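Written out below as structure tokens is the structure these notes cover.
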Amino acid sequence: MKTVRIIPDDTLRGQALASDPKNSVWVSANAGSGKTHVLAQRVIRLLLDGTEPSKILCLTYTKAAAANMSNRVFGQLGGWTALSDAELAAEIGRIEGVAPDAPRLRRARQLFARALETPGGLKIQTIHAFCEAILHQFPLEANIAGHFEMLDGQMESALVAEARRDMLSGIAAGGDAALAAAFEMVLSIGGESGLDALLSEIVAKRDGLRGFIDELGGGDAQTLFEEFGFAGDASEADVCLEAWPLPGFPPDYFASFAAKAEETDARTVINNILPSARLAYTEPDAVLRFTHLRAAFLKTDGEPYAASSFKKALVNALPDLMERYTEAAAAIVAASDRVALLRMLQATRAALVIADLLIARYERLKAARGFLDFNDLIMRTVRLLARADVGPWVQYKLDRGIDHILVDEAQDTSPDQWDVVKRLAAEFFAGLGARDNVSRTIFAVGDEKQSIYSFQGADPDSFATNGFAFQAQVRDASGRFERIRLQHSFRSTEDVLGAVDRVFAAAESRKGLTRDEEPIWHPTIRGSEPGYVEVWPLIEPAAVEEPDDWRDAIDHASAPAVVLAEQVATTIRRWIDSGDVIEGRVEDGRARRLGPGDVLVLVRKRDRFVHALSRALKNRDVAVAGADRVSLPGHIAVKDLIALGRVALQPGDDLSLAALLRSPVFGIGEDMLFELAWNRGRTPLLSVLRGRAATDAGLAAIVQKLDQWRTEAAFKPVFEFYAAILGRDGIRTRMIARLGPAAGEILDEFLNFCLAAERTGLPGLESFLATLESAGPDIKREMDQTRDE
């Protein structure tokens, strides 16, 4: 039977206060403590009090959260329509704490239809969707195209790739020496992967970078150099000269020092200092000389030698040695710091030069085609509401349509997003707004410990800061403001949460979780239910000897990721086979046994462990949904389609043709491929294939299909080309048969990217393939909750 759980009185009181529509409320809620429930109850109580559905604005951070909240509200309102009067009265009394009268019961039965039929309806949406609606309503005031179109993730990737390609083409043409020098420096520091990471970071943080570059007066960063005491044309040699002649160790003193060291047999000096020092004192180049000085006078960790490193006889022979050495070492350390600072500034300048041009090109492409991205939605809305000439009028129009703002997952709201909320609520507590005698409230719920979107600009501290700011505004306007903490978890057990609290009880661990001074405590209403936490020992890498013969396979089964994946998969298989019963779950009067869909594996990052685990689970016949995010160009099915496109464009690309022949597209065996490719000299693989096709009907069909695709690639748009191949030619069916059902989702996303590339104006198959390989997006997969995986 289902376990009966007793909800503590303080939790019930907190939920009642938080859902009371007469209060403005700031809720700090632990994970699983019912914050979505409280949000839904507050919306329902607002509707029961007679608030028009269109006057309520619920802002969430993700579409999934918006859908969850909407389902809860409409599910409960829909359920009310089928209850008897007594049942409905009891339900409303449980929510509001008092029994409803007849008019309130009648209104409750009408709420479902009113929420559905009211023009504008109940606004439960992401903050980006809300900002998009505002900009569509006021395009002229926002100075944007009235027909603007949103860039989704795939279209943005395609547009960024085009801007990047334009920039690289400019370098290849030799049109911008400063840009070429910047690229050369970035590549020398970080290599190709570092350049890719830099370009991605520039695009992700382009708004802040654009403002920073404008404040500096351009991408040359002259102001930065001046701020740190460097001339704009300062070189590393100039800084190295600051430590030459070396203070305390002029050439004549060094000669005496070297002679005395050898005379007294000071081994540390002879072995560690003198070899590099002698090179330094004869080196004319300032940078090389300074490198030798550092190697001579400092240890390998960059610290000066201790006094004990110098032999006592040497110190006695040169009484002022330690004083001179300390002075010389300090000068070298100071110059080293200056060199490091200069290198950092030069690297920063290179990055800013690239950012200045890349952002400008991306923005031009976007504006020319009437696109806005998600960053634009927030920034354009903030600018619109902040404009002195039209901002007050826009806020007046919005003020007439919103009475209550509810913010979900507030810990992941960025400062710019908070700016939108604050400007929307600016008139709520500043006297009478566009409508008189109307109760206006602000509600937010969040928990800084659950913030996961800092990489997108979320600032957990803003949750508390804005809470105190709204509290002052509400109370100054004689309104009711409540600060509430919901701590009891409905989701997890005492054993699990107790383990979490023990981990973060240590001060050094706590710093990474919260700045709140209160003790970290996660109580639960499931105190009597069992929980289990098992900590496995770390798996250290095992030494694997690589064979001398490169043709022999290397055994990677001992890699830590593979070993751990095997352990996890074995454990899950054992749970399923042992017939473990899920406590409290009842189906058809019987407790349900644990299945694959009851297991969730959390990982720190999506690395090779994810693939190893999927393989290990499949080998044990455990249904697995796979990773929630997949690199589109990294998936094997997409790699095969890229190879197909390469062959259609370049029939002489033997490697792509070999990959295509071996793929599910044609599926020829290893032996056949070897026969075609071996001992052919310089003859292209396709020519060999054509020759064999004269006597082999199967190979003749392959050649015919390749010729057909080559013709279509020359004339058809990218989407039409690949859609025909996957559908008409049956390639989709073959790939799913070989790679499994998950490949179908990837192929759908691949076609979506084809469409996105066309919509952004990307010309031709070759440009498409280059974009896909260099800047293909990551695909977020929605897990199918109906499958037991």
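The table below gives the values:
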read-out: Spans of helices (runs of 4 or more DSSP H) in segment 61-137 with at least 1 residues in contact with a strand residue (DSSP E or B) (Cβ under 6 Å, 6 or more places away or on another chain); value: 63-80, 127-137
read-out: Among residues of segment 626-646, those that are modelled with pLDDT of 90 or more and in contact with an Asp or Glu (Cβ under 6 Å, 6 or more places away or on another chain), counted; value: 1
read-out: Cβ-Cβ under 7 Å pairs, at least 6 apart or on other chains, segment 155-173 side surrounded by fewer than 20 Cβ atoms within 10 Å (Cβ to Cβ), far side modelled with pLDDT under 75; value: Gly170/Asp176
read-out: Top-ranked residue in segment 299-312 [being surrounded by fewer than 19 Cβ atoms within 10 Å (Cβ to Cβ) and more than 41 Å from the chain's Cα centre (by Cα); ranked as modelled with the highest pLDDT]; value: Pro304
read-out: Condition check for Ala434: in contact with a helix residue (DSSP H, G or I) (Cβ under 8 Å, 6 or more places away or on another chain), over 30 Å from Thr36 (Cα atoms), at pLDDT below 85 and assigned to a loop (DSSP other than H, G, I, E, B); value: yes
read-out: First in segment 64-79 and in contact (Cβ under 8 Å) with a residue 12 or more places away in the chain, second anywhere and part of a helix (DSSP H, G or I) and open to solvent by 40 Å² or more (accessible area, probe 1.4 Å), Cβ under 6 Å, 6 or more apart; value: Leu77/Phe112; Gly78/Phe112
read-out: Counted residues, segment 21-59 - those being over 29 Å from Arg515 (Cα atoms) and either open to solvent by 10 Å² or more (accessible area, probe 1.4 Å) or in a loop (DSSP other than H, G, I, E, B) (or both); value: 10
read-out: Only listed residue being closer than 20 Å to Leu342 by Cα, at pLDDT 80 or above and open to solvent by less than 20 Å² (accessible area, probe 1.4 Å), chosen from Ala328, Ala286; value: Ala286
read-out: Pair list, Cβ under 7 Å, 6 or more apart: segment 339-361 residue acidic (Asp, Glu) and open to solvent by 40 Å² or more (accessible area, probe 1.4 Å), other residue assigned to a helix (DSSP H, G or I) and modelled with pLDDT under 85; value: Asp356/Ile213
read-out: Of all residues making up segment 517-546, the number that are modelled with pLDDT under 70 and either under 29 Å from the mean Cα position of the chain (by Cα) or more than 25 Å from Ala565 (Cα to Cα) (or both); value: 0
read-out: Given (1) under 38 Å from the mean Cα position of the chain (by Cα); (2) at pLDDT below 85; (3) open to solvent by 20 Å² or more (accessible area, probe 1.4 Å), index of the condition Ala66 fails; value: (3)
read-out: Some residue of segment 313-324 being touching a helix residue (DSSP H, G or I) at 6+ places or on another chain (Cβ under 7 Å), loosely packed, with under 15 Cβ neighbours inside 10 Å and not in a loop (DSSP other than H, G, I, E, B); value: yes
read-out: Residues satisfying the stated conditions in segment 611-627, i.e. more than 15 Å from Thr570 (Cα to Cα) and either of a type in the set (A, V, I, L, M, F, W, C) or open to solvent by less than 70 Å² (accessible area, probe 1.4 Å) (or both); value: Ala625, Gly626, Ala627
read-out: Single condition Arg646 does not satisfy, out of (1) over 30 Å from Gly531 (Cβ atoms); (2) of a type in the set (Lys, Arg); (3) open to solvent by 60 Å² or more (accessible area, probe 1.4 Å); value: (3)
read-out: Per-region count, segment 138-156, residues at pLDDT 75 or above, assigned to a helix (DSSP H, G or I) and under 26 Å from the mean Cα position of the chain (by Cα); value: 2
read-out: Close pairs (9 angstrom Cβ cut-off, 6 or more residues apart or separate chains): more than 12 Å from Lys449 (Cβ to Cβ) in segment 508-522, among the small types (Gly, Ala, Ser) and surrounded by 10 or more Cβ atoms within 10 Å (Cβ to Cβ) anywhere; value: Pro519/Ala505
read-out: Residue that is touching a strand residue (DSSP E or B) at 6+ places or on another chain (Cβ under 9 Å) and over 27 Å from Leu726 (Cα atoms), where the choices are Arg620, Arg629, Arg682, Arg606; value: Arg606
read-out: Every residue from segment 756-769 that is surrounded by 16 or more Cβ atoms within 10 Å (Cβ to Cβ) and of a type outside the set (Asp, Glu); value: Ala756, Ala757, Arg759, Thr760, Leu762, Leu765, Ser767, Phe768, Leu769
read-out: Identity of the residue in segment 465-481, of a type in the set (S, T, N, Q) and within 23 Å of Gln411 (Cβ to Cβ), that ends up least open to solvent (accessible area, probe 1.4 Å); value: Asn466
read-out: Residues of segment 109-129 classified as open to solvent by less than 30 Å² (accessible area, probe 1.4 Å), among the hydrophobic types (A, V, I, L, M, F, W, C) and at pLDDT 80 or above, total; value: 3
read-out: Residue list for segment 547-604, filter: modelled with pLDDT of 80 or more, of a type in the set (Lys, Arg) and open to solvent by 70 Å² or more (accessible area, probe 1.4 Å); value: Arg574, Arg593, Arg604
read-out: Matching residues, segment 227-274, being outside any helix (DSSP H, G or I) and polar (S, T, N, Q); value: Ser235, Thr264
read-out: Cβ-Cβ under 9 Å pairs, at least 6 apart or on other chains, segment 130-144 side over 11 Å from Arg383 (Cβ atoms) and open to solvent by 10 Å² or more (accessible area, probe 1.4 Å), far side outside any helix (DSSP H, G or I) and of a type in the set (Gly, Ala, Ser); value: His136/Gly146; Pro139/Ala145; Pro139/Gly146; Leu140/Gly146
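Yes/no per residue for (1) modelled with pLDDT under 80; (2) surrounded by 12 or more Cβ atoms within 10 Å (Cβ to Cβ); (3) within 22 Å of Met344 (Cα to Cα); (4) within 36 Å of the chain's Cα centre (by Cα):
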residue	(1), (2), (3), (4)
Leu179	yes, yes, yes, yes
Ser200	yes, yes, yes, yes
Cys240	yes, yes, yes, no
Tyr253	yes, yes, no, no
Val269	yes, yes, no, no
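Each row is one residue, and each column tells you yes or no for (1) open to solvent by 60 Å² or more (accessible area, probe 1.4 Å); (2) under 23 Å from Gly446 (Cβ atoms).
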site	(1), (2)
Ser492	no, yes
Asp495	yes, no
Arg502	yes, no
Ala506	no, no
Glu517	yes, yes
Thr524	no, yes
Ser528	yes, no
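Residue by residue, here is whether (1) loosely packed, with under 13 Cβ neighbours inside 10 Å; (2) over 23 Å from Leu765 (Cβ atoms) holds:
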position: Gly652; (1), (2): yes, no
position: Ala693; (1), (2): no, yes
position: Arg710; (1), (2): no, no
position: Ala714; (1), (2): yes, no
position: Ile731; (1), (2): no, no
position: Ala742; (1), (2): no, yes
position: Ile746; (1), (2): no, no
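The values are calculated or read from the model by the stated rules, or taken from the named source; none is laboratory data. None of the values given here were measured: they were computed from a predicted structure. We place every Cβ from the backbone using ideal geometry, glycine too, and count neighbours over all the protein chains shown. Just the protein is used for accessible areas: all its heavy atoms, side chains included, with ligands, DNA and RNA removed. Shrake-Rupley method; radii C 1.70, N 1.55, O 1.52, S 1.80 Å.
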